[in-house]
């Protein structure tokens, strides 16, 4: 069988239009605004004094190993830190140079996105956004690919590299077990200044707006996490612009899964439809060839018969 | 060419038509919204001066600012005073000069209601707090208000002339403000007032109805614009950011209690005391038990009790107030100082923090933190705003006693 140029182009265009139909269907999906009544935590940096009691409480509730420097040693604040497998939350200090006022603290931990990038990148479904609002991790199914660490726009998940047999991806769980028991997350319970507020995400946004409108000269008019990456369950308000306190402002408002949904949505189409399509084209071609062969055979036979007739008359 | 011009004109005509329809539409919708005036209306001035004993005593004007103050204190519960529900009106509508069958006289009604409530809430109860002797006020009025800068007497005249023109209009139902130039002279630079040469007073350009020279900014707005440091209110608001003031004032919303202090500026000249010291020491707050030291040990699971130097704090706050003429003038009474920490307490009754803040931070009420957080926010917040470096915000043992046997 030989494929002509025209035939090949025909197939390609047919396949292309088929996959296009599927991608447009995905592009028009509705924007997910999080589970209704999901919980969140508001971090009000205006109250934070950088005492690290949240870090201590987090360490205790997650049964992590004790750090090299004790929690009341505030010299660790001199360096900018990231979350690690042994510190699921860290507080960083930023000097308020402009107005020569007291420094601003920012607490980092998993932001518990409404549509988590880690969950969409994970191909074994180890991450799950619960209806309570937290993003939880199931180590029993994790294969250790660490795609979640690459996918996270906030660079939060960490890996237990020093655990030879059962390494886990480590990140804040918003104390999901405690929330289900109607208790406060450990860091919120520990904060002596009320810089961390736990509640329904909608109520927190309302409260944050009230704070900003009540003290316009003490907060910038921005609730970080309300829209970032499609919205997160952890929200922040601060007196300094967030880009000055080490938070990314260039993330946009599109949730990470939405960016990949189009391409990933095409996979089943390619895997299933293409085979059907190609098999169909092959079958049609085979039938054509068969028909052509039969015709040829008949023609030869007919020609043979005619020849016989001619010879008979001779 | 002709065709193109025709098309051009046609499209212009279409746009014009659409614009016309749009403006009509917008106007219609605007008109449809109707007038949404304030639901709570209260007259500007109430007077209780129709009393029977008018020949002997005159009664203080119960004006809008006093009404607002009472509205605020009662938590907008109109029924506290206006006891006929749904028919809130002037007391005088029912209470006449003499007692009738079921309705007592105005004198008795106001004495029973006002004084009764004031006794409970520690409001003013002395006769002279509400009444003046007949004739007394007249002599006081005739006494001239001292203008410190005698070189500019025309300022006051100008103001009076302006007043005469607009007397009776809503703007001037308030008493005129007697602005003391001498006190404010040193702040004029800070307030960034563009003093044009030759201009006599603010009111010369900022007239009651606004004038072209004053960029149509009316006197009322020019003086009361809270966001503008050039206005009276804006500059006073800005002064609250000073370290001595910030401890109490930074936790208040901008312009909080603004309606309750109208009379602090709009006052009769005779009442102007000109920044006398509020009191010298905390001992001057009479009839109150002021603790020297308050022991806070309600939540001492991890750290020991805290000894709060209660009297020392009051004295140092008073020192800050008495330094400033602005502060002594505007702090309403002696108890005002208590409200800095004992916020939302009824006048004269300083409630402890645990009266409202629960021992558990249950997170039910976002704007009312638990007791532990309330203590920390109050102490550390105030120290931070007032620039008090010791005790530091993270020096736990600076305030807390160390419990023996505990590692921290």
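Name the residues in segment A:23-38 that are more than 19 Å from residue A:117 (Cα to Cα) and either surrounded by 21 or more Cβ atoms within 10 Å (Cβ to Cβ) or at pLDDT below 60 (or both), would you?
Step one: list which residues in segment A:23-38 are more than 19 Å from residue A:117 (Cα to Cα), which gives A:23-25, A:28, A:36-37.
If the condition is that a residue be more than 19 Å from residue A:117 (Cα to Cα) and either surrounded by 21 or more Cβ atoms within 10 Å (Cβ to Cβ) or at pLDDT below 60 (or both), then A:23, A:24, A:25, A:28 are the ones that fit.
Check whether at least one residue in segment A:93-101 is surrounded by fewer than 14 Cβ atoms within 10 Å (Cβ to Cβ), more than 17 Å from residue B:393 (Cβ to Cβ) and more than 14 Å from chain B (Cβ to nearest Cβ), and report yes or no.
Yes: one or more hits.
Does at least one position in segment A:231-254 carry a residue that is more than 14 Å from chain B (Cβ to nearest Cβ), touching a residue at least 40 places away in the same chain (Cβ under 8 Å), in a helix (DSSP H, G or I) and within 28 Å of residue A:94 (Cα to Cα)?
Yes, segment A:231-254 contains a residue that is more than 14 Å from chain B (Cβ to nearest Cβ), touching a residue at least 40 places away in the same chain (Cβ under 8 Å), in a helix (DSSP H, G or I) and within 28 Å of residue A:94 (Cα to Cα).
Can you pull out every residue in segment A:47-77 that is part of a helix (DSSP H, G or I) and either within 11 Å of another protein chain (Cβ to nearest Cβ) or more than 32 Å from the chain's Cα centre (by Cα) (or both)? Working first, answer last.
Of all residues in segment A:47-77, those part of a helix (DSSP H, G or I) come to A:53-61, A:74-77.
Matches in segment A:47-77: A:53, A:56, A:74, A:75, A:77.
Could you tell me which numbered condition residue B:70 fails, if it satisfies all but one of (1) in contact with a helix residue (DSSP H, G or I) (Cβ under 7 Å, 6 or more places away or on another chain); (2) part of a helix (DSSP H, G or I); (3) free of Cβ contacts under 8 Å to residues at least 24 places away in the same chain?
Only one criterion is unmet by residue B:70, namely (1).
Considering only segment A:199-222, how many residues are within 14 Å of another protein chain (Cβ to nearest Cβ), closer than 20 Å to residue A:105 by Cβ and not in a helix (DSSP H, G or I)? Steps first, answer last, please.
We begin by selecting, within segment A:199-222, every residue within 14 Å of another protein chain (Cβ to nearest Cβ); these are A:199-219.
Those left that are additionally closer than 20 Å to residue A:105 by Cβ: A:204, A:207-208, A:211-212, A:215, A:217-219.
Keeping just the survivors that are not in a helix (DSSP H, G or I) gives A:215, A:217-219.
The number of residues fulfilling the criteria is 4.
If the requirement is being free of Cβ contacts under 8 Å to residues at least 12 places away in the same chain and over 30 Å from residue B:385 (Cβ atoms), which of these qualifies: A:164, A:153? Outline the logic, then answer.
Values: A:153 fails: free of Cβ contacts under 8 Å to residues at least 12 places away in the same chain.
Only one candidate passes the filter, namely A:164.
Can you tell me which of (1) more than 14 Å from every other protein chain (Cβ to nearest Cβ); (2) closer than 25 Å to residue A:45 by Cα; (3) without any contact (Cβ under 8 Å) to a residue 40 or more places away in the chain is the one residue A:276 doesn't meet?
With respect to (1) more than 14 Å from every other protein chain (Cβ to nearest Cβ); (2) closer than 25 Å to residue A:45 by Cα; (3) without any contact (Cβ under 8 Å) to a residue 40 or more places away in the chain, residue A:276 is out only on (2).
Does residue B:310 satisfy the criteria of being closer than 25 Å to residue B:246 by Cβ and touching a residue at least 60 places away in the same chain (Cβ under 8 Å)?
On the way: closer than 25 Å to residue B:246 by Cβ: yes; touching a residue at least 60 places away in the same chain (Cβ under 8 Å): no.
The answer is no for residue B:310.
Can we say residue B:379 is crowded, with 17+ Cβ neighbours inside 10 Å, at pLDDT 85 or above and closer than 20 Å to residue B:256 by Cα?
Answer is no for this residue.
Please give the number of the condition residue B:408 fails out of (1) within 11 Å of chain A (Cβ to nearest Cβ); (2) in a helix (DSSP H, G or I); (3) at pLDDT below 85.
All conditions pass for residue B:408, except number (2).
Tell me, which residue of segment B:363-398 that is facing chain A (nearest Cβ under 8 Å) and assigned to a loop (DSSP other than H, G, I, E, B) is nearest to the chain's Cα centre (by Cα)?
B:367
Assess whether residue B:243 counts as being surrounded by fewer than 13 Cβ atoms within 10 Å (Cβ to Cβ), at pLDDT 75 or above and under 23 Å from residue B:313 (Cα atoms).
Numbers: surrounded by fewer than 13 Cβ atoms within 10 Å (Cβ to Cβ): yes; at pLDDT 75 or above: yes; under 23 Å from residue B:313 (Cα atoms): yes.
So residue B:243 fits the description; yes.
Checking residue B:402 against (1) away from every other protein chain (no Cβ under 14 Å); (2) modelled with pLDDT under 85: exactly one of these is not met. Which one?
Residue B:402 satisfies every listed condition except (1).
Restricted to segment A:172-187, and to residues that are touching a residue at least 40 places away in the same chain (Cβ under 8 Å) and touching a helix residue (DSSP H, G or I) at 6+ places or on another chain (Cβ under 8 Å), which residue is nearest to residue B:383 (Cα to Cα)?
Among those residues, the one meeting the criterion is A:187.
Criterion first (surrounded by 15 or more Cβ atoms within 10 Å (Cβ to Cβ) and over 30 Å from residue A:197 (Cβ atoms)) does residue A:266 satisfy it?
Values: surrounded by 15 or more Cβ atoms within 10 Å (Cβ to Cβ): yes; over 30 Å from residue A:197 (Cβ atoms): yes.
Criteria met by residue A:266.
Are any residues in segment A:166-198 surrounded by 19 or more Cβ atoms within 10 Å (Cβ to Cβ) and in a loop (DSSP other than H, G, I, E, B), and if so, which ones?
Correct list: A:171, A:172, A:173, A:174, A:175, A:184, A:185, A:191, A:192, A:193, A:194, A:195.
Confirm whether residue B:300 is modelled with pLDDT of 60 or more, farther than 30 Å from residue B:63 by Cα and surrounded by 12 or more Cβ atoms within 10 Å (Cβ to Cβ).
yes
Can you go through A:186, A:158, A:190 and tell me which one is within 23 Å of residue A:72 (Cα to Cα) and more than 12 Å from every other protein chain (Cβ to nearest Cβ)? Quick ask: steps written out before the conclusion?
On the way: A:158 fails: within 23 Å of residue A:72 (Cα to Cα); A:190 fails: more than 12 Å from every other protein chain (Cβ to nearest Cβ).
The match here is A:186.
Is there a residue being assigned to a strand (DSSP E or B), away from every other protein chain (no Cβ under 14 Å) and farther than 29 Å from residue A:76 by Cβ anywhere in segment A:129-136? Working first, answer last.
Just the residues of segment A:129-136 that are assigned to a strand (DSSP E or B), to begin with: A:129, A:135-136.
This time we only want the ones that are away from every other protein chain (no Cβ under 14 Å), so: A:129, A:135-136.
Okay, now just the ones that are also farther than 29 Å from residue A:76 by Cβ, so A:129.
Yes, segment A:129-136 has at least one match.
The values are calculated or read from the model by the stated rules, or taken from the named source; none is laboratory data. Since the model is a prediction, treat every value here as computed from it, not as a measurement. Note that we place each Cβ from the backbone using ideal geometry, even for glycine, and neighbour counts take in every protein chain shown.
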